[in-house]
């Protein structure tokens with residue numbers, strides 16, 4: 001793994017913190033493993049996982065060998081996993097900051113939420129951008145049910161599209177329904193067996209990282225709480241010295257090919 005990737009010399013540089021949320025079984029850990037496998041040769045990376053009472057997801061990633069084990073930290077959330085990524089982010093913020101200090105300079109920290117429902121989203125005081133995962137096995141109508149992650153995450157992934165025929169789901173229609181719910185924000189139909197879709201996923205991450213380094217990426221707050229700044233985190237004793245603005249008018253596309261990604 002590189003010590004860090006080449007970045008512009010001028011201006012401040014801070015790790016991109018990318019959250020991955022979604023219901024249980026939608027393939028969040030596999031998506032993170034794929035990103036680590038594909039990008040760790042060019043980016044310095046680390047991962048924080050969340051589980052209610054175990055470190056199962058962290059052990060999966062360590063056993064997959066996608067990153068050195070010391071770069072994967074587990075947070076045991078207890079109770080509701082949504083709370084640890086949104087309402088009281090202390091444990092996750094500590095884990096992220098510990099990794100950033102130990103392996104500085106990092107390019108990318110991936111934060112995996114515990115499996116939750118369609119309302120689970122990250123606080124923008126914790127992450128800079130977020131991916132929300134659905135999968136075809138959850139039902140073809142799930143995208144139409146909406147929710148803050150489906151509607152307003154930076155990227156919506158409809159995962160395991162290669163399995164759609166086996167669960168009697170029309171993957172193209174599911175992606176179309178998701179696209180209709182997202183007001184122009186990108187949707188990616190992803191299959192671990194389709195290298196082209198993996199390339200698109202990695203290119204999207206690279207695009208967000210470029211914007212983050214250039215200072216042009218504006219973190220979004222999908223809700224359900226009102227948009228807010230880093231004030232709550234500062235009250236917990238985590239001053240970051242960088243503010244965020246929130247809005248939904250920006251172009252969310254990052255050069256996706258139309259046959260796989262819809263905007």
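The values are calculated or read from the model by the stated rules, or taken from the named source; none is laboratory data. This is a predicted model, so every value here is computed, not measured. No Cβ is skipped: glycine too gets one built from the backbone with ideal geometry, and neighbour counts run over all protein chains shown.
Brief remarks follow.
- Looking at the range 136-189, the helices (runs of 4 or more DSSP H) lying wholly inside it that each contain 2 or more residues that are touching a residue at least 40 places away in the same chain (Cβ under 8 Å) and over 19 Å from residue 19 (Cα atoms) sit at 171-180.
- Of the helices (runs of 4 or more DSSP H) lying entirely inside the range 27-134, those containing at least 3 residues that are modelled with pLDDT of 95 or more and surrounded by fewer than 16 Cβ atoms within 10 Å (Cβ to Cβ) span 90-102.
- Hits in the range 6-26 - residues which are out of contact with any helix residue (DSSP H, G or I) (no Cβ under 9 Å at 6 or more places or on another chain) and at pLDDT below 60: 6, 9, 10, 12
- Residue identified as modelled with pLDDT of 95 or more and more than 17 Å from the chain's Cα centre (by Cα) among 205, 169: 169
- Residue match in the range 142-160 (condition: in contact with a helix residue (DSSP H, G or I) (Cβ under 6 Å, 6 or more places away or on another chain), on the phi > 0 side of the Ramachandran plot and modelled with pLDDT of 90 or more): yes
- Only one entry in 232, 186, 227, 222 is modelled with pLDDT under 95, surrounded by 15 or more Cβ atoms within 10 Å (Cβ to Cβ) and either in contact with a helix residue (DSSP H, G or I) (Cβ under 7 Å, 6 or more places away or on another chain) or under 23 Å from residue 45 (Cβ atoms) (or both), namely 222.
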